[in-house]
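Take a look at the structure set out below.
The values are calculated or read from the model by the stated rules, or taken from the named source; none is laboratory data. Here the structure is a predicted model, which is why all the values come from computation and not from measurement. Glycine also receives a Cβ, built like all others from the backbone with ideal geometry; neighbour counts cover every protein chain displayed. Note: accessible area is taken over every heavy atom of the protein model, side chains too, but ligands, DNA and RNA are not part of it. Shrake-Rupley method; radii C 1.70, N 1.55, O 1.52, S 1.80 Å.
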Amino acid sequence: MWGIIATWRMALEGVTESASALAAGKPVSSAVVDAVATVEDFPYYKSVGYGGLPTENGDVELDAAYMDGDTLAFGAVGNLVDIANPVRVAQALSRQRYNSLLVGQGAREWALSQGFADKTMLTDRAMQHYRKRCRETLDKGLSPYDGHDTVGIIGLDKQGSMSVATSTSGLFMKKRGRIGDSPIIGSGFYCDSETGAATATGVGEDLMKGCTSYEIVRRMAQGMTPQHAADSVVFELEDKLMSRFGRVGDLSVVCMNNKGEFGAATNIKTFSFVVATANQPLTVFRTERLREKTHYQAVDDEWMQAYAARIRAPIEEQS
């Protein structure tokens, strides 16, 4: 058995290549990292990597993580500035005995010392998005905190090893130094080859309140199916935050167990994910919530074409 599952349609191209690698017997560690790096490199994805939206100060601060499900080793970076492919830096950190999570200038200095490429990650298109979103939110007295589509990818190889990797530019207009759930072990990601893995996307401040990814893996270890574990964790956290905190943001997850069975759950209407296994052809699904269960169906060509047109559409600037 082999399998790979990822948050959002934006992961499709990377997952396509990595699914072929896993089917050919290649190791999962490189498969998930290569898939995430493909998303990081694509400039039209404004919530990940090159072309990601900047902070309120105009800097692109990137977060990423990697976890090896065999050893439980992990590496993560937060607020990394102008380094290509943060996910590869995170994977390199997972090989270190200490200093597994580095942030800010320290993360940048370590990455450069290890030979990672210095690259300006802010693009003209991202700045066009930045100005447009400011007009749509701040200029109208609305909250700017939106645009938090983390890519998270889980893989299982034919040897039974599992890995997970994440990458994001975080909340649009976030404060300098803000870190969400994506590089935080147990919240944005968790992986144990003896059980399975989970990864999350949405409002990090809320996802962290439930240690979401670890809790899903824990429930799978107790015998829950991936789908049941995902639904129960997301909707229980939603209910808890509404009753005790008074509000809740976007919460979306994908997970897979060590048998290649998968699940997805969300409290929003627009969540999509990509999955392929030895038993499941490569498919992009979009989700629908019906009460306390998440249902999903394969997208059609019209949806795919609309998606491609939307992310590449010119950005209208005020004269």
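Please compute, for the alpha-carbon atoms of the chain, the extent along each of the three principal axes and give them in descending order in Å.
Cα spread of the chain along its principal axes, largest to smallest: 56, 48, 42 Å.
Does the stretch 153-270 come out rounded, prolate or oblate, given a ≥ b ≥ c as the square roots of the eigenvalues of its C-alpha gyration tensor, rounded meaning a/c under 1.5 and, failing that, prolate meaning a/b above b/c?
In terms of gyration-tensor shape, oblate.
Given a 1.4 Å probe and every protein chain left where it sits, what share in percent of the accessible area of the stretch 67-130 is carbon and sulfur?
The C+S portion of the solvent-accessible surface of the stretch 67-130 is 47 percent.
For Lys269 and Asn99, calculate 0.36 nm times their separation in residues minus their Cα-Cα distance, and state this gained length in nm to one decimal.
57.4 nm
Mind checking the per residue accessible area of the chain for me, 1.4 Å probe, whole number of Å²?
Value returned for the chain: 43 Å² of accessible area per residue.
Around Ser272, which amide H atoms from residues at least 5 apart in sequence, or from another chain, sit under 5 Å from its own amide H, with H modelled in the peptide plane?
Here the answer is Trp8, Arg9, since their amide H atoms fall under 5 Å of that of Ser272.
What order do Glu61, Glu136 take when sorted by accessible area (1.4 Å probe), most exposed first?
The residues order as Glu136, Glu61, largest area first.
If you filter the stretch 1-108 for chymotrypsin sites (Phe, Trp or Tyr not before Pro), then keep DSSP loop positions with at most 11 other Cβ within 10 Å, what is left?
Counting only loop positions with at most 11 other Cβ atoms within 10 Å, the chymotrypsin sites (Phe, Trp or Tyr not before Pro) in the stretch 1-108 are Tyr98.
Dipole of the chain (Lys/Arg Cβ +1, Asp/Glu Cβ -1, origin at the Cα centre): which of Phe172, Pro144, Pro86 lies farthest to the positive side?
Pro144
Keeping the other protein chains in place, figure out the carbon and sulfur percent of the accessible area of the stretch 171-266, with a 1.4 Å probe.
Looking at the stretch 171-266 in its full context, I get 51 percent from C and S.
Would you mind checking the radius of gyration and Dmax of the stretch 18-154 based on alpha-carbon positions, in Å?
16.1, 53
Only helical DSSP H runs with n ≥ 4 go in: add -39500 (n - 2.57) per run for the chain, normalise by residue count and round the 222 nm mean residue ellipticity to 500 deg cm²/dmol.
It comes out at -10000 deg cm²/dmol, rounded to the nearest 500.
Are there GluC sites (Glu not before Pro) in the stretch 215-319 that DSSP puts in a loop and that have at most 12 other Cβ atoms within 10 Å, and which ones?
The qualifying sites are Glu316, Glu317.
Quick one: compute a quarter of the convex hull surface over the Cα atoms of the stretch 163-211 and quote it in nm².
With every direction weighted equally, the projected area is 3.5 nm².
So if R0 is 30 Å, what FRET efficiency would Glu236 and Ala278 give, r being the distance between their Cβ atoms, rounded to the nearest 0.05?
0.45
How high is the relative contact order of the chain, in percent, with contacts defined as C-alpha pairs under 8 Å that are six or more residues apart?
20 percent
So, in Å, what gap is there between the alpha-carbon centers of the stretch 226-301 and the stretch 160-210?
A separation of 15 Å, based on Cα centres.
Once R0 is set to 41 Å, what does the formula 1/(1 + (r/R0)^6) return for the Cβ-Cβ distance between Ser143 and Glu109, expressed as a FRET efficiency to the nearest 0.05?
0.75
Loop only per DSSP, at most 16 neighbouring Cβ atoms within 10 Å: give me the trypsin sites (Lys or Arg not before Pro) in the stretch 212-299, ordered by residue number.
Those satisfying the criteria are Arg247, Lys259, Lys269, Arg291.
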